[in-house]
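**Student:** Input: one structure, supplied below.
The values are calculated or read from the model by the stated rules, or taken from the named source; none is laboratory data. In this text, all values refer to a predicted model and were calculated from it rather than measured experimentally. FYI the Cβ positions are ideal-geometry reconstructions off the backbone, even for glycines, and counts take in every protein chain you see. Calculation scope for accessible area: heavy atoms of the full protein, side chains included, ligands and nucleic acids excluded. Shrake-Rupley method; radii C 1.70, N 1.55, O 1.52, S 1.80 Å.
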Amino acid sequence: MDEQGKAEIARLKEYYRARKEAASTLEELAGKPIRHHFPVDLWQLSDSEIDGEMGKRLSFLNDDIDCRPTPDITSHRRILGPVVVLFKKILFKILRPYSNTLFTRQNRFNEELVAFHLATFIRLRRLEERWLRQEQQGQEIKERLEELRGNQESGLPKHEAD
Amino acid sequence: MKPTDAPSESFSRGFGRKDAAGAEQIQSRAESAARESGAQAAYNLLLRSEVVAGWRKPSLALYDHTLHLIGGGEKYGCTMAAALQDDFDVTLIAHRPVTLDRLMDWYDLDLSRCRVKIMPIDFFEKIGQGQINPDLVSDRVANPFLAVSRESGNYDFFVNNSMLEMVYPLANVSLFVCHFPERQRGAYFYAQHYGQLICNSRYTASWIEKKWRISPNHHIYPPVDMEPPPSAMTPKENIILSVARFEVGGSKQQAEMISAFQRLRVRDARGLPGWKLVLCGGSALPNPYLDRIRNMLRAQPGLPVELQVNISQGELKKLYARAAVFWHFCGLNQSNPAQVEHFGMSTVEAMQNRCLPVVFDGGGQREIVDSGISGYRFSSIGELLSLTLKVIGDPGRREQLGLAAQLRGGDFTRAIFSNRVTGLFKRLAAAYAAGGPLAGPSPEAEQ
């Protein structure tokens, strides 16, 4: 019976493997709704994480500079569909010069805004680096002063005084 | 995460039966599982029925997106695979070509009963990225790791050793090994869907809770196997050793070590005669940070600092055996918790060799070094200098602390790690083969 049972399970496995491979979404595979994204809580991020997040968001802004519509023109009507699509395409082409005048201005504004944000980002990073260096130097000076003070008081190197 | 019932608790009843009625029962249950939860659920049920019937041992996939690179996290996963290969049919899943021989050579492990499956990911090739960097994945693109999720559903057990939270587990039993939660909850975050969450230190556990709002169920320290045979123990030499990768970003702070060593020499009245600093670590080429270190040393030819880059395991063992003191700066002056040592394998390696650790007081180092008992922890360079001078000036104390360090280092051996891993997986496999309810994510963690 073992062999028969094994063969039956193997056959069923093949069947369901093919079915699961045909599934196109994770929801279909998991068989339940899934939450895919969580909003990033910017207040919870460390400095370097914020740095990464800023870079990421800036690149998204950069990708979206051109806001001219590029609609995918389709129609669900079976017979009239191609005619409707053709009509929409012609209409879109006729209106494009007018809409472009509006969007070109918006695009220019977007470009300037992204460039400004990038400049601010670079400036901030440089300032942070400088501040960090100064903080480390300050700490070093403080420690050296303490060392000198300790040596003066004991007249010996610190480990010998210990 | 709390144990919960498997989706269809009742299906366990027909599993043990090997007669025709049993097969029919399983078929009808598979059909009902497919109707309720899809084809994957039916497939999972069939997979489990084979194990419950005793027809085969459970299959296990261990996934690591950086398996092709040598590293501590990858060693953790491979040691896990080596420990499990007798009880499971183990497959290692990687994205870039890597062979079993290479893995066995890198980590000195027997993985002969495992197999490797390479699954290339087009997404990163298309955007011209040499490395597989999950940071490049956002909600604006399709999840490139969906292929791994699909693959996970072909095994009884799925272990994600990548700390890659973008892989949704579809196997009957799923485990997530987290070496550190590098990213916040964001796009394609699925870590909460795993049945078991393993972490490598209490430091990591605290950050998992803080960043991901889920609690690890298991805490298993990484395996460290640098213990020398008694015959290899040699008298200690006046060497301060650092073993850390030369990270391009300089997070291991070798440059700061050189400056500290200079200050140490100034602070000692005799200028530390006979003592040298050895900086040892791996590096990829090109590495601007390593170039900076080389330039620093070139500028001070009289400074007794030696650089040992990409040396063999044998040479490293000899260095550990000879060195008297071990320095580790990772985490000093860092605000990012990811830049602090999550555990500190090299510190344990040094301790196993009676090399006295003087390490930064933060992260996983606090769990390893008991300051004043098995080494010292420092919070500032000033403190490091005082502590180092103290141990240099007192060989007796150094010897005593070195022995205590060696004893403590014995708590993190490969044998201890393997025992903990096999113990955990044996329990999970027994529950799986019994056909009863399985541990799963808690309903609130699923939100």
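**Student:** Just one of (1) over 23 Å from B:Tyr190 (Cβ atoms); (2) surrounded by 18 or more Cβ atoms within 10 Å (Cβ to Cβ); (3) without any contact (Cβ under 8 Å) to a residue 40 or more places away in the chain trips up B:Ala83, so point out which.
**Tutor:** Evaluating B:Ala83 over (1) over 23 Å from B:Tyr190 (Cβ atoms); (2) surrounded by 18 or more Cβ atoms within 10 Å (Cβ to Cβ); (3) without any contact (Cβ under 8 Å) to a residue 40 or more places away in the chain leaves (3) as the failure.
**Student:** Same structure, new question: Taking the condition modelled with pLDDT under 90 and at the interface with chain B (Cβ under 7 Å from one of its Cβ atoms), does A:Asp47 pass? Can you show your working first?
**Tutor:** Working: modelled with pLDDT under 90: yes; at the interface with chain B (Cβ under 7 Å from one of its Cβ atoms): yes.
Here the answer is yes, as A:Asp47 does meet what is asked.
**Student:** Shifting gears a bit: Report, by residue number, each residue of the range B:247-265 that is outside any helix (DSSP H, G or I) and touching a Lys or Arg at 6+ places or on another chain (Cβ under 7 Å). Let's see the steps before the verdict.
**Tutor:** Initial filter on the range B:247-265 (outside any helix (DSSP H, G or I)): B:247-253.
Listed by number, the list holds a single entry, B:Lys252.
**Student:** Taking interchain pairs and intrachain pairs at least six residues apart, which have beta carbon atoms under 9 angstrom, with the first residue in the range A:1-22 and facing another protein chain (nearest Cβ under 8 Å) and the second open to solvent by less than 90 Å² (accessible area, probe 1.4 Å) and β-branched (Val, Ile, Thr)?
**Tutor:** A:Gly5/B:Ile26; A:Glu8/B:Ile26; A:Ile9/B:Ile26; A:Leu12/B:Ile26
**Student:** Only one of these conditions is not met by B:Thr422: (1) closer than 28 Å to A:Glu135 by Cα; (2) within 24 Å of the chain's Cα centre (by Cα). Which number is it?
**Tutor:** (1)
**Student:** Look at B:Arg150 and say whether it is within 14 Å of chain A (Cβ to nearest Cβ) and part of a loop (DSSP other than H, G, I, E, B).
**Tutor:** no
**Student:** Going through the range B:363-374 one residue at a time, which ones are in a helix (DSSP H, G or I) and either loosely packed, with under 15 Cβ neighbours inside 10 Å or acidic (Asp, Glu) (or both)?
**Tutor:** The answer is B:Glu367, and nothing else.
**Student:** Can you tell me which residue within the range B:289-341, out of those that are open to solvent by 40 Å² or more (accessible area, probe 1.4 Å) and within 14 Å of chain A (Cβ to nearest Cβ), is modelled with the lowest pLDDT?
**Tutor:** Once the filter is applied, the top-ranked residue is B:Ser335.
For every residue, the table says whether it meets (1) within 29 Å of the chain's Cα centre (by Cα); (2) of a type outside the set (A, V, I, L, M).
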{"position": "A:Leu95", "(1), (2)": "no, no"}
{"position": "A:Gln106", "(1), (2)": "yes, yes"}
{"position": "A:Leu113", "(1), (2)": "yes, no"}
{"position": "A:Thr120", "(1), (2)": "yes, yes"}
{"position": "A:Glu129", "(1), (2)": "yes, yes"}
{"position": "A:Gln134", "(1), (2)": "no, yes"}
{"position": "A:Gly138", "(1), (2)": "no, yes"}
{"position": "A:Ile141", "(1), (2)": "no, no"}
{"position": "A:Leu145", "(1), (2)": "no, no"}
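**Student:** Give me the residue from the range A:125-157 that is open to solvent by less than 80 Å² (accessible area, probe 1.4 Å) and either over 21 Å from B:Leu332 (Cα atoms) or assigned to a loop (DSSP other than H, G, I, E, B) (or both) and, out of that set, nearest to the other protein chains (Cβ to nearest Cβ).
**Tutor:** Filtering the range A:125-157 for residues that are open to solvent by less than 80 Å² (accessible area, probe 1.4 Å) and either over 21 Å from B:Leu332 (Cα atoms) or assigned to a loop (DSSP other than H, G, I, E, B) (or both), the one nearest to the other protein chains (Cβ to nearest Cβ) comes out as A:Pro157.
**Student:** Output the qualifying pairs, or none if there are none: Cβ atoms under 6 angstrom, residues six or more apart or on different chains, first residue in the range B:216-230 and of a type in the set (D, E, K, R), second residue open to solvent by less than 40 Å² (accessible area, probe 1.4 Å).
**Tutor:** From residues that are of a type in the set (D, E, K, R), the pairs are B:Glu227/B:Gln352.
**Student:** A further question follows. How many residues are within 14 Å of another protein chain (Cβ to nearest Cβ) and at pLDDT 95 or above if we restrict to the range B:373-383? Reasoning before the result, please.
**Tutor:** To start, the set of residues in the range B:373-383 that are within 14 Å of another protein chain (Cβ to nearest Cβ) comprises B:376, B:378-383.
From what is left, the residues that are at pLDDT 95 or above are B:376, B:378.
So the count comes out to 2.
**Student:** Tell me which residues, restricted to the range B:387-397, are within 12 Å of chain A (Cβ to nearest Cβ) and open to solvent by 30 Å² or more (accessible area, probe 1.4 Å).
**Tutor:** Hits for the range B:387-397 are B:Lys390, B:Gly393, B:Asp394, B:Arg397.
**Student:** Does the range B:145-161 hold any residues that are under 24 Å from B:Tyr76 (Cβ atoms) and open to solvent by 10 Å² or more (accessible area, probe 1.4 Å), and which are they?
**Tutor:** B:Ala147, B:Glu151, B:Asn154, B:Tyr155
**Student:** Could I ask something else about it? Based on what the data block shows, is A:Leu86 closer than 20 Å to B:Val137 by Cα, surrounded by 12 or more Cβ atoms within 10 Å (Cβ to Cβ) and more than 10 Å from chain B (Cβ to nearest Cβ)?
**Tutor:** Details: closer than 20 Å to B:Val137 by Cα: no; surrounded by 12 or more Cβ atoms within 10 Å (Cβ to Cβ): yes; more than 10 Å from chain B (Cβ to nearest Cβ): yes.
Against the criterion (closer than 20 Å to B:Val137 by Cα, surrounded by 12 or more Cβ atoms within 10 Å (Cβ to Cβ) and more than 10 Å from chain B (Cβ to nearest Cβ)), A:Leu86 does not qualify.
**Student:** Determine whether B:Arg183 is in contact with a Pro (Cβ under 8 Å, 6 or more places away or on another chain), in a loop (DSSP other than H, G, I, E, B) and not acidic (Asp, Glu).
**Tutor:** Spelling it out, B:Arg183 is indeed in contact with a Pro (Cβ under 8 Å, 6 or more places away or on another chain), in a loop (DSSP other than H, G, I, E, B) and not acidic (Asp, Glu).
**Student:** Which numbered condition in (1) surrounded by fewer than 15 Cβ atoms within 10 Å (Cβ to Cβ); (2) under 30 Å from B:Gly54 (Cβ atoms) is the only one that A:Glu8 fails?
**Tutor:** Exception for A:Glu8: condition (1).
**Student:** Answer yes or no as to whether B:Val358 is in a strand (DSSP E or B) and not polar (S, T, N, Q).
**Tutor:** yes
**Student:** Here's something else I'd like to know. Return yes when B:Ala284 is within 14 Å of another protein chain (Cβ to nearest Cβ), assigned to a loop (DSSP other than H, G, I, E, B), open to solvent by 20 Å² or more (accessible area, probe 1.4 Å) and free of Cβ contacts under 8 Å to residues at least 60 places away in the same chain and no when it is not. So that I can check it myself, show each step before the final result.
**Tutor:** On the way: within 14 Å of another protein chain (Cβ to nearest Cβ): no; assigned to a loop (DSSP other than H, G, I, E, B): yes; open to solvent by 20 Å² or more (accessible area, probe 1.4 Å): yes; free of Cβ contacts under 8 Å to residues at least 60 places away in the same chain: yes.
Judged against the criteria, B:Ala284 is not a match.
**Student:** Would you call B:Ala232 among the small types (Gly, Ala, Ser) and surrounded by 23 or more Cβ atoms within 10 Å (Cβ to Cβ)?
**Tutor:** No.
**Student:** When the range B:204-245 is examined, which residues are found to be outside any loop (DSSP other than H, G, I, E, B) and charged (D, E, K, R)?
**Tutor:** B:Glu209, B:Lys210, B:Lys211, B:Glu237
**Student:** Could you list all residues from the range B:375-398 that are in a helix (DSSP H, G or I) and without any contact (Cβ under 8 Å) to a residue 24 or more places away in the chain?
**Tutor:** Correct list: B:Gly382, B:Glu383, B:Ser386, B:Lys390, B:Gly393, B:Pro395, B:Gly396, B:Arg397.
**Student:** Can B:Phe145 be described as aromatic (Phe, Trp, Tyr), more than 30 Å from B:Thr413 (Cα to Cα) and in contact with a Pro (Cβ under 6 Å, 6 or more places away or on another chain)?
**Tutor:** On the way: aromatic (Phe, Trp, Tyr): yes; more than 30 Å from B:Thr413 (Cα to Cα): yes; in contact with a Pro (Cβ under 6 Å, 6 or more places away or on another chain): no.
Criteria not met by B:Phe145.
**Student:** Same structure again: Identify, by number, the condition in (1) more than 30 Å from B:Ala269 (Cα to Cα); (2) crowded, with 22+ Cβ neighbours inside 10 Å; (3) modelled with pLDDT of 95 or more that B:Val358 doesn't meet.
**Tutor:** For B:Val358, the exception is condition (1).
**Student:** Quickly run through the range B:43-69 and pick out the residues that are over 28 Å from B:Gly435 (Cβ atoms) and over 11 Å from the mean Cα position of the chain (by Cα).
**Tutor:** Here is the first cut: in the range B:43-69, the ones over 28 Å from B:Gly435 (Cβ atoms) are B:64-69.
Passing the criteria: B:His65, B:Thr66, B:Leu67, B:His68, B:Leu69.
**Student:** Just need a number here: residues in the range B:238-271 that are out of contact with any strand residue (DSSP E or B) (no Cβ under 8 Å at 6 or more places or on another chain) and farther than 18 Å from B:Met296 by Cα.
**Tutor:** Number of matching residues: 5.
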